[in-house]
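Taking it in order: structure first as structure tokens, then the write-up.
Values quoted throughout were computed directly from the atomic coordinates according to the rules given, and no laboratory measurement underlies them. Owing to the predicted nature of the structure, the values given are computational and were not obtained by experimental measurement. All Cβ positions, glycine included, derive from the backbone under ideal geometry; neighbour counts span all protein chains shown.
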Amino acid sequence: MASAFTVRLPKLVDEFKLETVYTPCDLSEVIIETSEVNRAGIQFCGFFEFFDPKRIQIIGKTEIAYLHSLSAEDMRASLDNFFSRKPIVAVITWNLPVPKDMLESAMKYKVPFLRATEGTSEFMAGLILTLNVDLAQRITRHGVLVEVYGEGILLFGESGVGKSETAIELIKRGHRLIADDAVEIRRVSKSTLVGTSPENIRHFMELRGVGIINARTLFGMGAVKTTEKIDIVIQMEPWDQNKVYDRMGAEDMKTKILGVEVPLLTIPVKPGRNLAVIIEVAAMNNRQKRMGQYAAAELMERLGMPESENDPVDSEWESFFSLDN
């Protein structure tokens with residue numbers, strides 16, 4: 001599946017320590033557009049239906065063994081048939097020697113050829129994971145992302161509500177900052193969102209009355225993190241005495257970000273509330289719910305009250321997070 005984002009080949013070469021066996025051009029000119037990869041075995045057999053030349057082509061021990069089982073003439077024909085379709089790049093794994101006919105075919109049709117020291121399965125797993133992140137659908141939203149007890153907590157709220165101040169208190173309590181002010185959110189799978197900070201403002205925070213601080217310098221490397229999955233969204237808003245806030249937590253409110261449902265809590269802010277402690281409790285409670293333990297449901301059962309079957313998704317938040325915004 002094509003992505004709106006791309007990754008240049010040198011990034012993969014550096015990350016996986018790939019050896020350049022042959023390249024017809026500067027590797028920075030090779031742009032990967034899809035996270036899908038392909039093992040070339042069935043193509044060496046001559047089947048090219050659904051073949052996508054934009055995919056990175058992986059050649060492992062099985063493919064090499066099959067080619068060596070062919071006559072010299074059939075091997076050359078198979079390789080020419082494959083490389084003539086101009087795959088974007090081919091990678092041989094296990095640090096295998098490249099057959100002479102294979103290299104000649106790659107050079108003939110000007111296909112970049114790389115070599116990995118890792119085994120085929122290990123290399124493919126790492127490559128797909130990296131491409132899924134680099135090519136993921138993404139948006140950037142104003143907010144704060146922190147890791148609390150291993151849970152990724154995404155804080156939203158209007159300017160001045162206290163998001164950064166709460167993040168500072170959480171850092172002092174031993175938790176970690178991922179992003180302040182701007183959070184880049186990526187959908188890395190159908191059910192997983194990962195947040196990070198734009199590189200140019202990473203680990204910097206703005207505190208009204210104090211100014212800009214560098215959390216990594218001020219609190220140490222243990223106080224920051226580059227990326228984190230998003231487990232829960234917390235909307236911080238000024239306390240409204242006319243609004244009824246959820247006191248039971250019996251209904252799991254959720255919001256959608258890039259089509260992925262995430263638990264949503266609304267926490268009212270007013271003087272005297274220890275927001276850092278509240279968020280710590282919210283993080284632990286969210287993990288407990290994932291483990292199948294619901295305190296509200298247990299209490300209602302003890303009281304003989306029926307359990308709510310509703311599981312609403314806040315339509316206002318769903319609109320806020322749509323890509324059209």
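What to note about this one:
- Cα-based reach from LYS190 at 18 Å (exclusive), listing lysines while leaving out same-chain residues under 8 positions away: LYS229, LYS254, LYS256
- Proxy reagent accessibility, fewest Cβ within 10 Å first, across TRP94, TRP239: TRP239, TRP94
- Percent of beta bridges antiparallel (DSSP, the chain, rounded to nearest 5): 65 percent
- Range of Cα positions in the range 55-138 per principal axis (Å), largest first: 48, 23, 14
- Sum of side-chain charges, PHE51 neighbourhood, beta-carbon under 13 Å (Lys, Arg +1; Asp, Glu -1): +2
- Efficiency of FRET between LEU103 and LYS190 - r from beta-carbon atoms, R0 41 angstrom, step 0.05: 0.55
- Net charge over other residues, Cβ less than 15 angstrom from the Cβ of ILE92 (K, R count +1; D, E count -1): -1
- Order of LEU299, LEU135 under a 10 Å beta carbon neighbour criterion, fewest first: LEU299, LEU135
- Computed over the chain, the convex hull of the alpha-carbon atoms projects to a mean area of 21.9 nm².
- Cβ crowding within 10 Å, taken as a proxy for footprinting-reagent exposure, orders SER121, SER164 from fewest neighbours to most as SER121, SER164.
- If you take all other residues with their beta carbon under 12 Å from the beta carbon of MET75, and give Lys and Arg +1 and Asp and Glu -1, the sum is -4.
- Gain on full stretching of the segment that runs from TYR149 to ARG247 - 0.36 nm per residue minus C-alpha separation: 33.0 nm
- A dipole drawn for the chain from +1 and -1 charges on Cβ atoms has a positive end, and of VAL183, LEU96, VAL148 the residue lying farthest that way is LEU96.
- Of all beta bridges that DSSP places with both ends in the range 2-134, some 40 percent have antiparallel geometry.
- Rg ratio (alpha-carbon, reference 2.2 N^0.38 Å) - the range 138-320: 1.04
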